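In what follows, a single structure is set out as structure tokens and then discussed.
Nothing in this text is a laboratory measurement; each read-out follows from the coordinates by a stated rule. Everything numeric in this text was worked out from a predicted model, so none of it was measured. Heads up, the Cβs are rebuilt from the backbone with ideal geometry, glycines too, and the neighbour counts pull from every protein chain shown.
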There are 4 protein chains.
Amino acid sequence: MSRRIGILTGGGDAPGLNAVIRAVVKHAVGQKRWQVIGIEDAFNGLLQTPPRLFDLTPRSCQGLLHRGGTMLGTTNRGNPFAWKMPDGTVVDRGAELAARVREEGLEGLIVIGGDGTQDIGWRLMRDHGIPVIGVPKTIDNDLESTDFTFGFWSAVEVATEALDRLHTTAESHDRVMLLEVMGRTAGWIALYAGVAGGADCIAIPELPYDPDRFADKIRMRRARGRHFTLIVVAEGARPKVGERLPSEVAHGQGNIQAGGAAQTLARLLAERMPIESRVTVLGHLQRGGSPTPFDRVLATRFGSAAVDLVEQDGWGNLVRLDNGSITHIPLEQVAGAPRHVSPDHELIQTARSVGIEFGTAS
Amino acid sequence: MSRRIGILTGGGDAPGLNAVIRAVVKHAVGQKRWQVIGIEDAFNGLLQTPPRLFDLTPRSCQGLLHRGGTMLGTTNRGNPFAWKMPDGTVVDRGAELAARVREEGLEGLIVIGGDGTQDIGWRLMRDHGIPVIGVPKTIDNDLESTDFTFGFWSAVEVATEALDRLHTTAESHDRVMLLEVMGRTAGWIALYAGVAGGADCIAIPELPYDPDRFADKIRMRRARGRHFTLIVVAEGARPKVGERLPSEVAHGQGNIQAGGAAQTLARLLAERMPIESRVTVLGHLQRGGSPTPFDRVLATRFGSAAVDLVEQDGWGNLVRLDNGSITHIPLEQVAGAPRHVSPDHELIQTARSVGIEFGTAS
Amino acid sequence: MSRRIGILTGGGDAPGLNAVIRAVVKHAVGQKRWQVIGIEDAFNGLLQTPPRLFDLTPRSCQGLLHRGGTMLGTTNRGNPFAWKMPDGTVVDRGAELAARVREEGLEGLIVIGGDGTQDIGWRLMRDHGIPVIGVPKTIDNDLESTDFTFGFWSAVEVATEALDRLHTTAESHDRVMLLEVMGRTAGWIALYAGVAGGADCIAIPELPYDPDRFADKIRMRRARGRHFTLIVVAEGARPKVGERLPSEVAHGQGNIQAGGAAQTLARLLAERMPIESRVTVLGHLQRGGSPTPFDRVLATRFGSAAVDLVEQDGWGNLVRLDNGSITHIPLEQVAGAPRHVSPDHELIQTARSVGIEFGTAS
Amino acid sequence: MSRRIGILTGGGDAPGLNAVIRAVVKHAVGQKRWQVIGIEDAFNGLLQTPPRLFDLTPRSCQGLLHRGGTMLGTTNRGNPFAWKMPDGTVVDRGAELAARVREEGLEGLIVIGGDGTQDIGWRLMRDHGIPVIGVPKTIDNDLESTDFTFGFWSAVEVATEALDRLHTTAESHDRVMLLEVMGRTAGWIALYAGVAGGADCIAIPELPYDPDRFADKIRMRRARGRHFTLIVVAEGARPKVGERLPSEVAHGQGNIQAGGAAQTLARLLAERMPIESRVTVLGHLQRGGSPTPFDRVLATRFGSAAVDLVEQDGWGNLVRLDNGSITHIPLEQVAGAPRHVSPDHELIQTARSVGIEFGTAS
């Protein structure tokens, strides 16, 4: 008898989500003749009446490999275990969710998402007996459980292309160009794109910066006849403790706003020297667009491996990339804490060796 | 005896500047064996002591065709005819500039720049007898004197790629995505990129918008099951007269700030309906990067034609594209006023015919 | 009562076909509430039993704007007026085709295609009374009736990117690189891409070349320390009359083969001097991929204008770009002869002025 | 006293060579104030009189990071230990080479190249006492000594983009499209690009194919309404032993020619079924162009690590990527044999799981 499984994508979108879905469908439906049911808008699609489900076939996956986004839609609103009702109360809809999975005849779920989504999946399995297999996803590449996540290199590529472009126009004008990229708590995108795009300075959340060091770097470059400076700023980058924030920013509500981190640094620099600076905030451009070949291959490997796990009744595991090989670990061991850039990470050392300033003593 | 001419680039940079320089050098030096002297940082390079000049040879132009920016540097600071001195006084350095041109043995100048730069060139010729030929440049494509300027299609390409990317991620999330593009007084980039990138709404300076019309468009799309909307906003777009500005923006100093136009529209929409919106501001990404083939060909035609004009002693003219052919007009006839998008422009009609909303009655 | 029209695409595919279809559907269905019926595989879709037709809606056109190819499929096999039967006889199926159009309740057809396809459309109207509106299409840009066809600049972009890449690797190795591009009878792609990509030599069908001139160009470059040469070859380029062809090629059946033109030139050069040469044939890469913004805008204008023509009962016309404006001409006036590159075309002169060799005396 | 080292690039070029050079110079000159001498055209630059050497400075590396090719030039002609003289004799110029290195005051050499180049470096050290550090390079990614080589992912990206384009045009036409990519003895590029680009069939040197299996795949797809098939062919792919080659190909001289492998397969398929096929040969397009961020980062890490090795007197080693970390191994242990795709490689299994046919029993 044919198996019947569900698949959903949760959290922010990342290039490669569609490639995972396609690989699952091609493997499970195309090769094994199972049924794969797509669930729209993460777990929410199961909680709606009627549930928003549809059959996935190889035909419905045509042209999907190179498309960014997710054909299933996604959402980061609404945790089924702490669901906010219109009247403000919070209820646990876990049992309801599990009942729906069973009503729809789904043997189990392939859950593609970040730590938050994986935690929901794991609780659904542990507390309500719904078999779940996880596929890790975060564009920030800050998961402990896997070497790389798909989407990361695609975001780095968008940021690197932006640096290439800013480089050109900066050279023509004697300017300080600041590029703000994603990374609220981990600076991986800023670090990789900064090295790949030839940045002069990089500011990441893990290394609170001293603005004077960046100002010195700009002065040193000018002294050598280089009148432009390129700075990559992760959106979570902050000056070191004790550094007075520029007044306009200090009045903010403390939220991280797009452009806030780069604007802050631009103002701190302007307080120290006469500069003409320009801020560019990439924002959602980093999530859109076609996944790089690296991400397409990785996403395909993840999707195919998830189906293998189903076949081997390996429920309760998360597929991952481990030293270049696809393996898996128990969902309950998936760390909630993000993987940070260590101050002595090899790529930090490499970046320093080619003259990149991080705003801290090395 | 060999001729000896100078070349400079003024104003903001645009993809294709290097391609003009290359064509001038390949034609004048490579074919005609003239001397071409590059002047750094627009007219400023001549006013410094010593002047910042260097010999341009075909070898120095290797690899230049596909590079954005300008190898000569540029600036929009400092009008030689109204030069701000450190003590705040304003002096006319026109005669000094003309003297430098003669001291350097330059027969005349090829001046690549927008209306402001061309005006300086024209005054240098009219008032001080320095022969000048102009090559028009503005990334905004808002010159009356030419069908197209180089750099425009390159900027449209960057904006269109951004729309393709935002489209992908907007589809995954049920969102209103606003993309702010260049265009302070003329909306050409927003119009062309909006049509090319499949925007749902376009806001341009020439058509002050009624926010209710954009809100209605979003509602109509939702009613048809389309839960995302893509809006292109020119940086000079504004709501119609009488429209109350959102308070945060109203407190501003009235300056046009990057992100201001899109932020304003996002807030006006949020006052009218529950939406999750995201603003992306392309900024200098539109100026950087490699020129499109269209712009490389146009820039090469301009550069080559400028040398032909020198040979024919056609000083005092601006080369231009006129109904697809390269011709020229007297510099004194170059209009100072930008070419605006007319409300009944054919492409506005075309855009409306495919369902694009401009925020005004048609 | 709602109107009901058919739409089809004929001949080789070109980037922008989908954008025309989308504009027709968005305008006719989305705005005017007509019915638009897609016909698969050009006229063949009407001649099959059952006919291969389907309803086109704005929803079916989602994501279509930036996709290359044609969602309707196309074919250049089978002229309905001279249909080859399995037994080898040729029959006229024009009346049958017209009957099918009427049976399906189609008021008329929008026919997107090159001169051959337009000729079929015109005969269908003239001889069988089926109302037809034409939209011109050829990637080669060699139609007399329109300034530009969509797809052309996209092909030029692919070829220019290839030249940028070959340039890089040629510089590293002291080589002659030949790039063969499309253009059997007209050299527009080779000419534009050659100028945009900084080619040293261009060979086009309109200018039969003297191999000695290309060999001289290579020698001159070497004498100046430039040890690589980039040559763009249109697939229809040929040596001048009287030039002996290399023996391997001479034994061919006279067919134009992919790579034949570039291989021929490579061998003629190798007979004249010691060179290491590499041939790259772009082939179908020039047809695939996303249309450039220029082509998307032009295709959208064409599609929208075709619907306007239907509304104005302007059947029997071909939409076109005429000095930058969208107009139309009677289908019967559509010239069968391709528009060739004239030897004194301005862009040929421009190319020569920057040192490009065409293999002929100027 | 300042150290003084030489650097050269050997063998075919690969995207990222310039990024290695830049990292070496930025680290050694920019940070450590050493001298770095660039040697042109591999070891040949040392053997010429006068030697072709020049000082490398951070300034000479401006804009180098994103440029393909190598600013030092390269060559695969001429092994100093078996040098072909004009009269046909072969001489050992190793001692002469070593003498030149000493005359120029070079403490040692950083040698960037494939196994052949590394072997020359190693012999120069072992037999003539010249200190050497190796940096591995092959676009084919077939070295035993390192996880990945720079240039590989850039080549995969070019091939994947080509597949995306061919996919589009194949869909419009009912065709079999064959794309020939690099890989004479190892099929890594074909395998990765085939998976990333959604190929239906992949032919690699390691798996001699049965043409009947590919023909069956095409028939199966047609039976499911998919009238096009995309096949990636490594240039070294061959039919299984005993398979009669098509006559035209069989008459060849046994050389591997660009296009030969794909042409052979196209003809073998045409003997089995009526198909319309098109062959595209990417050739040198795979070597040109800007390195991907992955390759830029890897090349920067390699270059920086090579300088670290010099500082630690780690001569005689090859830097490499080993399970994601930069380490090194003795040059004498560098295997001469290429790393082949194993028939049971995980990515082969993954590819099969999503329906890709390799022309062999699994």
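For peptide C:299-310, what's the mean number of Cβ atoms from other chains within 10 Å of each residue's Cβ? Don't skip to the end; give the middle numbers.
Numbers: counts 1, 8, 8, 1, 3, 9, 4, 0, 2, 3, 0, 0.
Mean shielding by partner chains, rounded to a whole number: 3.
The label point for D:THR57 and the one for B:PHE54, both projected 7 Å from the Cα toward the Cβ, are 1.1 nm apart. Taken over the range B:203-362, the ratio of Cα radius of gyration to 2.2 N^0.38 Å equals 1.38. The shape of the range C:1-84 comes out oblate: with a ≥ b ≥ c from the C-alpha gyration tensor, a/c is at least 1.5 while a/b does not beat b/c.
From the cross-link list D:LYS137/D:LYS217; A:LYS217/D:LYS32; B:LYS32/C:LYS240; D:LYS84/D:LYS240, which pairs have alpha carbons spaced over 26 Å apart?
Details: D:LYS137/D:LYS217 36 Å; A:LYS217/D:LYS32 17 Å; B:LYS32/C:LYS240 28 Å; D:LYS84/D:LYS240 37 Å.
Too far apart for the 26 Å limit: D:LYS137/D:LYS217; B:LYS32/C:LYS240; D:LYS84/D:LYS240.
Of the DSSP beta bridges with both residues in the protein assembly as shown, give the percent that are antiparallel, rounding to the nearest 5. Could you put the intermediate results ahead of the total?
Values: 54 of 175 bridges.
About 30 percent, rounded to the nearest 5.
For chain B, the convex hull drawn through the C-alpha positions has a volume of 145 cubic angstrom per residue.
The charge dipole of the range B:69-208, taken about the Cα centre with unit charges on the Cβ atoms of Lys, Arg (+1) and Asp, Glu (-1), comes to about 480 debye, rounded to the nearest 20. Once the Kirkwood radius over Cα pairs is known for the range A:59-102, the Stokes-Einstein relation at 37 °C and 0.692 mPa s delivers a diffusion coefficient of 248 µm²/s. If only the Cβ of Lys and Arg carry +1 and only the Cβ of Asp and Glu carry -1, the dipole of the protein assembly as shown around its Cα centre is close to 0 debye. Place a label point 7 angstrom from the Cα of C:ALA335 along the Cα-to-Cβ direction, then list the residues of the range C:123-156 whose backbone nitrogen is under 15 Å away. Counting only backbone N, you get C:141-149. The antiparallel fraction among DSSP beta bridges confined to chain A stands at about 30%. Using bins of 5 Å that start at zero, the share of Cα-Cα pairs per bin across the range A:1-146 amounts to 2, 10, 20, 24, 21, 14, 7, 2, 1, 0, in whole %. Averaging Cα coordinates gives a centre for the range B:201-221 and one for the range C:81-108; these two points are 48 Å apart.
In the protein assembly as shown, helical runs assigned H by DSSP with n ≥ 4 each contribute -39500 (n - 2.57); averaged across all residues and rounded to the nearest 500, the mean residue ellipticity at 222 nm is -10500 deg cm²/dmol. Taken over the Cα atoms of the protein assembly as shown, the convex hull encloses 197 Å³ per residue. The per residue volume of the convex hull around the alpha-carbon atoms of the range A:115-226 is 104 Å³.
Think of each Lys and Arg Cβ as +1 and each Asp and Glu Cβ as -1; about the Cα centre, that makes the dipole of chain D roughly 600 debye. Given a Förster distance of 35 angstrom, what is the FRET efficiency for C:VAL90 paired with C:THR327, based on the Cβ-Cβ distance and rounded to 0.05? Computed FRET efficiency for C:VAL90 and C:THR327 comes out at 0.40. Shielding of peptide D:67-74 by partners, expressed as the average count of other chain Cβ atoms within 10 Å per residue Cβ, is 4. Across the copies of the chain, B:ASP216 has label points (7 Å from Cα along Cα→Cβ) spaced 6.1, 6.3, 7.0 nm apart, shortest distance listed first. Residue by residue along B:155-166, Cβ atoms of other protein chains within 10 Å of the local Cβ number 6 on average. In nanometers and ordered shortest first, the copy-to-copy spacing of the D:SER2 label point, defined 7 Å from Cα toward Cβ, is 3.4, 7.3, 7.9.
Chain A versus the axis that turns it onto chain D: the residue with the nearest Cβ and the distance in whole Å amount to A:ASN323, 2. Ordering D:GLY151, D:LEU163, D:GLY94 by Cα displacement along the dipole of the range D:59-166 toward the positive end leaves D:GLY94 in first place; charges were set at the Cβ atoms of Lys, Arg (+1) and Asp, Glu (-1).
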